[in-house]
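The values are calculated or read from the model by the stated rules, or taken from the named source; none is laboratory data. All of these numbers come straight from a predicted model, not from anything done at the bench. No Cβ is skipped: glycine too gets one built from the backbone with ideal geometry, and neighbour counts run over all protein chains shown. The accessibility values were calculated without ligands, DNA or RNA, using every heavy atom of the protein model including side chains. Shrake-Rupley method; radii C 1.70, N 1.55, O 1.52, S 1.80 Å.
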Amino acid sequence: MKRLLLLILMLLFSMGHGQNLPGTKLKIKRSHGEIVLDGVLDEKAWEQADVAKNWYQNFPVDSLPAPFQTEARLTFDDEFIYVSFVCFEDDTPDVVSTLRRDFNYSLNDNVSFIFGPYNDRLNGYFFNVTAAGAKRDGTLSSGGVGENAFNIYWDNKWYSKVVRYKDRWIAELAIPFKSFKYKSDVKEWNITFDRLDKKRNIKSAWVKTPRQFYTGTFAYAGQLVWEDPIPKAKTNISIIPFLSGGAFQDREVEPISSSNSLQTGFDARVGITPSMNLDITINPDFSQIEVDEQILNLSRFEFQFPERRQFFLENTDLFANAGFESARPFFSRRIGIVQDTAGITQIVPILFGTRLSGTLNEKWRLGIMNMHTKKMLELGLPAQNYTVATVQRMFWEQSSVSMTFVNKQSLGVQEGDSLKYFHPSIFRKIDREGIRRPNTYNRVIDADLVLRSKDNKWYHSSFLAQSFDAQNKAKTLSGSAFFEYADRNLNANLGGFFINENFNAEVGFVPGSTVYPGQIGYYSEIGYKVYPNSTRILSTGPRIGTSSILLPDGTLADREYTIGYGIDFKNSSNLLIEYNNTFQRLTLDFSPINNIDNRKFLKGEAYRWNTVAATYQSNTTRKFNFLLNAAYGGFYNGTNLNMGGEFNMRFQPYATISMRFDHNNVKLPEDYGDEALFLLGPKLDVTFTDKIFFTGFFQYNNLIDNMNLNARIQWRYKPASDFFIVYTENYFPASFASKNRALVFKLTYWLNI
């Protein structure tokens, strides 16, 4: 009865209140008095401000107003743009999983301010606060469409205050104009707001947004109209010096090797124009970066770990989105990170780097980055210089064309240096005379086209790239074309790509480059959703997909058919069941299990197998929730039972305990190998306050015969200024004997000039 009454009230509300449609105007006026961040909106500027109200649901339905409404207001002075939110509530306890900065959006009651100061409906910023006052900020690209459109690794200075009352919580934000790029002569900005009411699993937005799209997409944004002149953008110079040091011990050598280090360096950010920044890094140190989450990789392909280093992340879409998943001309983790001749990941120190990036005007963006790494003779590497440059032209509503140039230059390498510079990336091939000649440069030129309809239903992307180096003169092209249609019920896509035999993007990510002697690929997927009249089920429906890879001579190398059926529940849980039919004709000798005693599958052999899989995500509004996946079926000439997932327990808002696990029981005939492979990853995340954080992460991986402990303490003693202590140690699983260990610290300070 209570639910029926609430539904009637919502229907009456929707009849009496207009929906905010894309392009809805919101005016912003100058404040002539001081704004105090105290959670009390008693200043005159708030009383006179336009109110962004009448919020509509996006999830679980998009046809009704939010049952608990939100109001947003904006004002500004010479230094700050101010945002206030009134989030109406009852006394139900909030869901707030952490006090940590850059919290997980989907696990917290929070509200967001999303804006595009370039008015191009493609690029902008977002700022979030939770009901407990935790902060999150980042950049937005591609109009807010796609998995990588929201980048939370951008970090800057801003201030907020959240106060919880019995029937509402109020948030006030003060964002310095110098913390982001804008142009004073752009009189309207793209703007929207959204709110995740996690305790009720309801997402709402100021501009009515269809549920198949993110609430932060600029296709469903309003317009912020500046009634008073925008403060003139000032030259902004920030210096972020650091001091770091550590003690290191290698216990795999005899005698045990110990060393200490102490180093300093700095980053600098210089506002060249109101919308263009020059970033400089001297002797950067990334020792505070969280450790990668390991995987059990039983495939033939390299796994792409995400970039976490701060310097590479602002305006990353300009560089990282070039190309397509099959062939990315640029991947920033190729700089300063390398695999040695034994396949072990090693760090190559970066001596210095610069990046010029931003917008030239409403239609043009520019990004240029140059990095220089140190000579490492123990790895067989010379000093190397990396350059990537992109220019992008926006047109129509949310479309763009861009050109990207990538260059890697090895310095001081002569033809007779093959023993000195023995890394395989330098002397890769032997010529017809039997002489090893150096490959001292690698370059890629890339052109990208993105077309997107105003309502985001139609999408197209394509690229064409060519590589250049001293050893490959022909067959050096790659390209792709992708088409997608998405509405409330239907999602369909179709794509194809080709990668020539000698296409060589050394600073990019081409997962098939070491597997295929050139490739041509096709793929397609169709999914259909229905929304039943159910109190528990939000949507349900099938999907079917296929992908094929052919060699340049037309030989089929890989093919996979997938049939699946998914159910999304209104409480945020979901279930997916899939059937896969896989075919592989090997193009190289291969063993999925890292054991020299196992027999390898040989080049030219063909295998076909079937697999059934299921994945279930439980209700994430619960303090205890879990993700489980299981798959069983063929695996080459044997079978594999895979079980994995993650358990999470929140002691909100101060601590989260989680356990990742992955188990593969691989049974292969004869001497190919029978192995039980385990990956265990317990993790403890503690937020003592909104400024002091601890992460303890332990990983056991018997595929690489290693256990790793990583413990990290962070103290944000001032905005954007931190002190880190990190301890890491690797062990042999059988004896728990230590392989190596390190204790490091890093102190950073953000100084505005």
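Determine whether Ser572 is open to solvent by less than 50 Å² (accessible area, probe 1.4 Å) and farther than 30 Å from Phe498 by Cα.
Values: open to solvent by less than 50 Å² (accessible area, probe 1.4 Å): yes; farther than 30 Å from Phe498 by Cα: yes.
Considered against the rule, which asks whether it is open to solvent by less than 50 Å² (accessible area, probe 1.4 Å) and farther than 30 Å from Phe498 by Cα, Ser572 comes out as yes.
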Can you run down the residue pairs with Cβ atoms below 7 Å, 6 or more apart or on separate chains, where the first is in region 140-166 and among the hydrophobic types (A, V, I, L, M, F, W, C) and open to solvent by less than 80 Å² (accessible area, probe 1.4 Å) and the partner is in a loop (DSSP other than H, G, I, E, B) and at pLDDT below 80?
Trp154/Leu313; Trp154/Glu314
Mind checking which residues of region 290-328 are under 28 Å from Phe177 (Cα atoms), in a loop (DSSP other than H, G, I, E, B) and of a type outside the set (Asp, Glu)?
Arg308, Arg309, Leu313, Asn315, Asn321
Pairing a residue in region 686-709 that is under 17 Å from Leu296 (Cβ atoms) with any residue that is open to solvent by 60 Å² or more (accessible area, probe 1.4 Å) and not hydroxyl-bearing (Ser, Thr, Tyr), where Cβ atoms lie under 6 Å and the two sit 6 or more apart in sequence or on different chains, gives Tyr700/Leu680; Asn702/Phe678; Leu703/Asn594
Output the number of the condition that His663 fails; it satisfies all remaining conditions of (1) open to solvent by 20 Å² or more (accessible area, probe 1.4 Å); (2) within 25 Å of Thr562 (Cα to Cα); (3) of a type outside the set (S, T, N, Q); (4) in contact (Cβ under 8 Å) with a residue 24 or more places away in the chain.
(4)
Checking the conditions here, which among Ile35, Ile81 is closer than 22 Å to Glu172 by Cβ and in a strand (DSSP E or B)?
Ile81
Looking only at residues in region 672-693 that are among the β-branched types (Val, Ile, Thr) and not in a loop (DSSP other than H, G, I, E, B), which one is least open to solvent (accessible area, probe 1.4 Å)?
Thr687
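Taking the conditions exactly as written (in a strand (DSSP E or B) and among the polar types (S, T, N, Q)), does Ser244 satisfy them or not? Step through it out loud before you land on a result.
On the way: in a strand (DSSP E or B): yes; among the polar types (S, T, N, Q): yes.
Spelling it out, Ser244 is indeed in a strand (DSSP E or B) and among the polar types (S, T, N, Q).
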What pairs can you find where one residue is in region 247-276 and closer than 27 Å to Pro176 by Cβ, the other is hydroxyl-bearing (Ser, Thr, Tyr) and surrounded by 12 or more Cβ atoms within 10 Å (Cβ to Cβ), and their Cβ atoms are less than 6 Å apart, with a gap of 6+ or different chains?
Asp267/Thr281; Arg269/Ser238; Ser275/Thr359
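Looking at Phe127, Phe80, Phe68, Phe59, which is the one that is more than 29 Å from Lys363 (Cβ to Cβ), surrounded by fewer than 24 Cβ atoms within 10 Å (Cβ to Cβ) and modelled with pLDDT of 95 or more?
Working: Phe127 fails: more than 29 Å from Lys363 (Cβ to Cβ); Phe80 fails: more than 29 Å from Lys363 (Cβ to Cβ); Phe59 fails: modelled with pLDDT of 95 or more.
Criteria check complete, one pass: Phe68.
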Search result, residues across region 58-79 that are hydrophobic (A, V, I, L, M, F, W, C) and in contact with a Leu (Cβ under 9 Å, 6 or more places away or on another chain)
Phe59, Val61, Leu64, Ala72, Leu74
Please name all residue pairs, on different chains or six or more residues apart, with Cβ atoms under 8 Å, provided the first residue is in region 404-425 and is over 20 Å from Arg334 (Cα atoms) and the second residue is among the charged types (D, E, K, R) and part of a strand (DSSP E or B).
Glu415/Arg437; Ser418/Arg436
Based on this model, can you work out whether Asp50 counts as open to solvent by 30 Å² or more (accessible area, probe 1.4 Å), at pLDDT 95 or above and of a type in the set (Asp, Glu)?
yes
Counting only residues that are part of a loop (DSSP other than H, G, I, E, B), under 13 Å from Arg195 (Cβ atoms) and either in contact with a Phe, Trp or Tyr (Cβ under 7 Å, 6 or more places away or on another chain) or free of Cβ contacts under 8 Å to residues at least 40 places away in the same chain (or both), how many does region 84-136 have?
2
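If you go through region 204-213, how many residues are surrounded by fewer than 23 Cβ atoms within 10 Å (Cβ to Cβ) and either part of a strand (DSSP E or B) or touching a Gly at 6+ places or on another chain (Cβ under 9 Å) (or both)? Reasoning before the result, please.
In the first step, residues of region 204-213 are kept if they are surrounded by fewer than 23 Cβ atoms within 10 Å (Cβ to Cβ); the result is 208, 210-213.
Filter again for either part of a strand (DSSP E or B) or touching a Gly at 6+ places or on another chain (Cβ under 9 Å) (or both), leaving 213.
Result for region 204-213: 1.
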Report every pair of residues separated by at least 6 positions or lying on different chains whose Cβ atoms are under 7 Å apart, first residue within region 366-377 and farther than 30 Å from Asn123 by Cα, second open to solvent by 40 Å² or more (accessible area, probe 1.4 Å) and in a strand (DSSP E or B).
Thr373/Leu351; Lys374/Leu351
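Against the condition in contact (Cβ under 8 Å) with a residue 24 or more places away in the chain and open to solvent by 50 Å² or more (accessible area, probe 1.4 Å), how does Lys44 come out, does it pass?
On the way: in contact (Cβ under 8 Å) with a residue 24 or more places away in the chain: no; open to solvent by 50 Å² or more (accessible area, probe 1.4 Å): yes.
No.
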For Asn119, only one of the following conditions fails: (1) open to solvent by 40 Å² or more (accessible area, probe 1.4 Å); (2) at negative phi; (3) touching an Asp or Glu at 6+ places or on another chain (Cβ under 6 Å); (4) at pLDDT below 95. What is its number?
(2)
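Within region 468-479, count every residue that is open to solvent by less than 70 Å² (accessible area, probe 1.4 Å) and either within 25 Å of the chain's Cα centre (by Cα) or without any contact (Cβ under 8 Å) to a residue 40 or more places away in the chain (or both). Steps first, please.
Just the residues of region 468-479 that are open to solvent by less than 70 Å² (accessible area, probe 1.4 Å), to begin with: 469-472, 474, 476-479.
Now narrow it down to the ones that are either within 25 Å of the chain's Cα centre (by Cα) or without any contact (Cβ under 8 Å) to a residue 40 or more places away in the chain (or both): 469-470, 472, 474, 476-479.
Qualifying residue count, region 468-479: 8.
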Exactly one condition in (1) modelled with pLDDT of 85 or more; (2) surrounded by fewer than 18 Cβ atoms within 10 Å (Cβ to Cβ); (3) among the small types (Gly, Ala, Ser) is not met by Ser184; state its number.
(1)
